[in-house]
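Below: one structure, written as structure tokens.
The numbers here are math on the coordinates, done by the rules we state, and not lab data. Small disclaimer: the values here were computed from a predicted structure and weren't measured. Note: ideal-geometry Cβ built from the backbone for every residue, glycine included; neighbour counts use all protein chains shown.
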Amino acid sequence: MQQLVKDLLAGSRRAAARLISQVENDDPHKRELLMEIFPHTGRAYVIGITGAPGSGKSSLVDCLLQQMRSEDLKVGVIGVDPTSPFSGGAILGDRIRMQEHALDQDVFIRSMGTRGSLGGLARATREAIQVLDAFGKDIILVETVGVGQSEVDIVKTADSTMVVLTPAGGDSVQTIKAGIMEIADLFVVNKADLPGKERTVTEINLMLDMKEDSRWRPPVACTVSVRGEGIEAVWQSLQEHRRFLEESGRLQEIRRERVRRELTEQVEYLVKNQIWDRVKEQIEFDSLVEKIVHRRCDPYSAAYELLEKIDFYGETD
Ligand SMILES: Nc1nc2c(ncn2[C@@H]2O[C@H](COP(=O)(O)OP(=O)(O)O)[C@@H](O)[C@H]2O)c(=O)[nH]1
Ligand SMILES: [Mg+2]
């Protein structure tokens with residue numbers, strides 16, 4: 001086993017940080033490292049927190065951290081910001097109390113931004129979760145900005161997902177329409193100290209009423225995260241949701257679905273890499289491009305031609 005993985009399993013924060021950097025930067029040794037890490041994963045419970053920028057996700061994470069630490073749970077926090085090309089503390093580290101938590105040996109906080117593609121960010125997030133899982137965290141909180149498809153992909157790696165809305169936003173219904181409805185296991189109306197929270201709660205409930213045939217109706221909680229109000233109820237709901245998933249067999253189901261997706265993705269990733277490695281070595285890709293540009297060939301047959309030239313079909317036995 002590689003030293004870095006040994007150190008991780010022995011509880012080294014430095015090893016955890018370095019491993020996350022390696023998955024984030026698509027280090028060439030990443031695959032072997034993840035292979036060694038994998039047998040030590042599967043214990044952590046992953047909670048996703050999503051919502052518009054400024055809705056109070058980080059403040060809520062901060063409060064939940066305190067709550068969880070008071071129960072002596074070991075917690076990892078990953079902040080994912082697809083709009084940032086940087087990582088290492090940008091969206092979470094700016095919060096003073098968060099920095100205090102960062103001094104706690106049993107809390108590990110890390111921000112991640114897009115180095116490469118958004119798809120890459122979702123994968124890096126999943127891999128960072130694996131690292132923190134093997135590191136021994138009981139709970140991993142994943143904060144993601146926004147409600148786009150990439151965030152939905154990131155959220156799919158969570159066991160329970162919390163969607164944060166605010167009364168002032170006025171965009172709550174819109175947010176729900178943007179496909180967030182399906183991924184929310186719990187709604188939190190934060191900034192409940194501001195006017196209009198009843199309306200937002202009513203809107204969410206109306207939406208939920210229209211959604212039929214669900215074994216779990218997402219609860220709607222109100223919080224004032226800057227004052228720590230309503231956090232206990234949120235924590236209760238999260239634990240209830242976890243119990244529901246475990247007792248109904250749904251947790252097994254969603255984790256199996258996740259494995260299915262990951263295996264598919266891995267196979268596609270390997271095949272794709274293999275193809276491009278060979279294409280780079282053996283084929284004048286550019287000359288094919290020129291042919292297509294000049295209408296001497298079409299991209300459809302060119303793709304076949306390419307695969308034939310690298311003997312993609314011939315080496316499958
Ligand atoms: N009035 C009020 N402001 C809040 C509340 N929670 C967070 N904020 C403020 O909203 C801003 C954004 O909070 P933050 O947690 O960084 O939001 P994030 O972008 O979703 O992570 C900060 O200035 C917070 O102080 C709340 O419950 N009430
Ligand atoms: Mg934040």
Inset, instruction - Output the peptides 123-132, 39-48 sorted from most to least packed, where packing is the average of other Cβ atoms within 10 Å over each peptide's residues. - result: 123-132, 39-48
Inset, instruction - Would you pull out the residues with amide H under 5 Å of THR161's amide H, same chain only if 5 or more places away, H placed 1.01 Å from N? - result: GLY48, ASP185, LEU186
Inset, instruction - Starting at the first residue of segment 240-250, write each ³J(HN,Hα) from the Karplus equation 6.51 cos²θ - 1.76 cosθ + 1.60 with θ = phi - 60°, in whole Hz, x for Gly and Pro. - result: 4, 5, 4, 4, 4, 4, 5, 6, 8, x, 5
Inset, instruction - State, to one decimal in nm, how far the label point of GLN266 lies from the label point of ALA302, with both points 7 Å from Cα in the Cβ direction. - result: 3.4 nm
Inset, instruction - Scan around GLU229 for amide H atoms under 5 Å from its own, H built in the peptide plane at 1.01 Å from N, and keep only partners 5 or more places away or cross-chain. - result: VAL224
Legend entry - Residue-wise HN-Hα coupling along segment 120-132, computed from phi with Karplus coefficients 6.51, -1.76, 1.60 (Hz; x: Gly, Pro): x, 5, 4, 5, 4, 5, 4, 6, 5, 4, 4, 4, 5
Legend entry - For the chain: rounded, prolate or oblate by the Cα gyration tensor [a/c cutoff 1.5]: prolate
Legend entry - Additional length obtainable on full extension of the chain from ASP72 to GLN252, 0.36 nm per residue less Cα span: 62.2 nm
Legend entry - Bridge type composition, the chain - antiparallel percent by DSSP, nearest 5: 5 percent
Inset, instruction - Name the long-range amide H neighbours of GLU143: under 5 Å, sequence gap of 5 or more, or other chain; modelled H, no Pro or chain starts. - result: ILE49, ILE78, GLY79, VAL80
Legend entry - Relative packing of peptides 9-21, 286-298 - highest average C-beta neighbours within 10 Å first: 9-21, 286-298
